[in-house]
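**Student:** Okay, handing you the structure first.
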């Protein structure tokens with residue numbers, strides 16, 4: 001039989017004899033099917049037919065003559081409920097999901113109708129590696145000689161390439177954001193060193209709810225921010241940037257729809273806002289930023305007046321740096337008519353001033369907590385009734 005694979009392939013009786021023999025030899029079904037395909041080719045018998053005869057013989061039915069026309073039609077992948085297919089797709093990584101989409105148009109349409117939701121995607125780029133985490137799965141691309149290595153989750157061996165590690169990594173990373181209707185609850189992008197080739201990392205209108213963007217230069221930070229879909233983006237944090245951020249860069253951010261429709265914004269970067277700049281934050285529920293430390297009595301009262309008009313505000317954090325003879329906490333105490341407490345402090349306790357301000361023509365109040373934390377004067381403002 002082994003000397004005549006074509007004869008075996010074209011003779012249904014001998015194919016069944018081959019299957020029966022493996023059943024009697026207690027050969028595992030997958031090993032048996034692979035052995036048969038290796039012997040006569042994969043087109044000799046489809047796996048569902050092979051499986052039918054294998055288990056028929058296994059359960060003691062040894063009759064080679066059986067009319068299957070009356071049997072129920074075997075279920076296929078497309079017979080699954082759409083909800084179940086979406087659940088399966090949700091547990092696949094981007095590579096598995098992409099392969100599933102290529103099976104046929106019907107499956108592609110079903111998969112695309114079930115947008116993947118990533119709880120978090122963390123991306124880090126440096127001279128040493130490009131790595132990212134998504135749904136508890138980690139991917140790393142590192143330089144290796146004139147090329148790079150790429151590691152995937154649940155893979156023992158590294159994938160090697162002669163490509164630059166940034167190029168190789170992006171070839172695997174960017175398809176995540178091109179998945180139809182992808183939704184990301186939290187996205188962190190950390191670019192630690194000046195790196196070329198990241199301009200097309202995020203496609204336009206990327207669906208992100210919350211973003212943290214760290215970059216060593218402002219152009220890239222703004223580019224990432226503007227790639228995120230306005231109205232869908234609820235909060236973002238801008239962090240890093242080695243140089244002082246120019247007013248023009250801030251203007252680009254303030255005029256963007258991403259900022260205008262956000263609810264919470266944080267600036268952890270080297271930018272100092274003046275009191276009048278705060279009017280840009282009037283629509284936010286929360287904001288945090290560093291202020292120009294050389295603030296006078298009039299500006300402090302003006303700050304209070306401006307913030308009191310913010311209808312949506314729940315909480316804000318403002319930071320002032322104490323430098324030389326500039327002591328912002330003392331200036332706040334004087335301007336607001338409050339005293340700086342004197343006396344011993346408990347461990348980890350900071351000098352704190354509390355000031356309450358009733359908003360005119362309203363039942364609401366602003367509560368200021370001004371705390372001296374080393375070189376920083378932190379002003380937390382909470383709106384309360």
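**Student:** Can you name the condition, by its number, that residue 381 falls short on among (1) assigned to a helix (DSSP H, G or I); (2) at pLDDT 95 or above; (3) buried (at least 19 other Cβ atoms within 10 Å of the Cβ)?
**Tutor:** Every listed condition holds for residue 381 apart from (1).
**Student:** Would you confirm whether or not the stretch 12-24 contains a residue that is under 30 Å from residue 107 (Cα atoms) and in a helix (DSSP H, G or I)? Quick ask: steps written out before the conclusion?
**Tutor:** Initially, the stretch 12-24 is screened for residues under 30 Å from residue 107 (Cα atoms), giving none.
Checked against the condition, which is being under 30 Å from residue 107 (Cα atoms) and in a helix (DSSP H, G or I), the stretch 12-24 yields no hits at all.
**Student:** Separate question: Condition test on residue 160, is it in contact with a helix residue (DSSP H, G or I) (Cβ under 6 Å, 6 or more places away or on another chain) and surrounded by fewer than 17 Cβ atoms within 10 Å (Cβ to Cβ)?
**Tutor:** On the way: in contact with a helix residue (DSSP H, G or I) (Cβ under 6 Å, 6 or more places away or on another chain): no; surrounded by fewer than 17 Cβ atoms within 10 Å (Cβ to Cβ): yes.
No.
**Student:** Next question. Would you point out the residue of the stretch 99-125, among those that are within 18 Å of the chain's Cα centre (by Cα), in contact (Cβ under 8 Å) with a residue 40 or more places away in the chain and not in a strand (DSSP E or B), that is nearest to residue 166 (Cα to Cα)?
**Tutor:** Applying the filter and picking the extreme gives 120.
Per-residue answers, yes or no, for (1) at pLDDT 90 or above; (2) part of a strand (DSSP E or B); (3) within 22 Å of residue 263 (Cβ to Cβ):
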position: 175; (1), (2), (3): no, no, no
position: 181; (1), (2), (3): no, no, no
position: 190; (1), (2), (3): yes, yes, no
position: 198; (1), (2), (3): no, no, no
position: 211; (1), (2), (3): yes, yes, yes
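**Student:** If I ask for residues that are outside any helix (DSSP H, G or I) and under 12 Å from residue 16 (Cα atoms), which ones from the stretch 41-60 would you list? Quick ask: steps written out before the conclusion?
**Tutor:** Quick first cut of the stretch 41-60, residues outside any helix (DSSP H, G or I) only: 41-46, 59-60.
Result: 44, 45.
**Student:** Hey, another quick one. Quick one: in the stretch 177-220, of everything that is touching a residue at least 40 places away in the same chain (Cβ under 8 Å) and farther than 30 Å from residue 110 by Cβ, which residue is nearest to the chain's Cα centre (by Cα)?
**Tutor:** 188
**Student:** Tell me, yes or no, whether the stretch 135-149 has at least one residue that is touching a strand residue (DSSP E or B) at 6+ places or on another chain (Cβ under 7 Å) and part of a helix (DSSP H, G or I).
**Tutor:** No, the stretch 135-149 contains no residue that is touching a strand residue (DSSP E or B) at 6+ places or on another chain (Cβ under 7 Å) and part of a helix (DSSP H, G or I).
The values are calculated or read from the model by the stated rules, or taken from the named source; none is laboratory data. Treat the numbers as computed from the prediction; the structure is a model and nothing was measured. Virtual Cβ from ideal backbone geometry, glycine too; neighbours counted across all protein chains shown.
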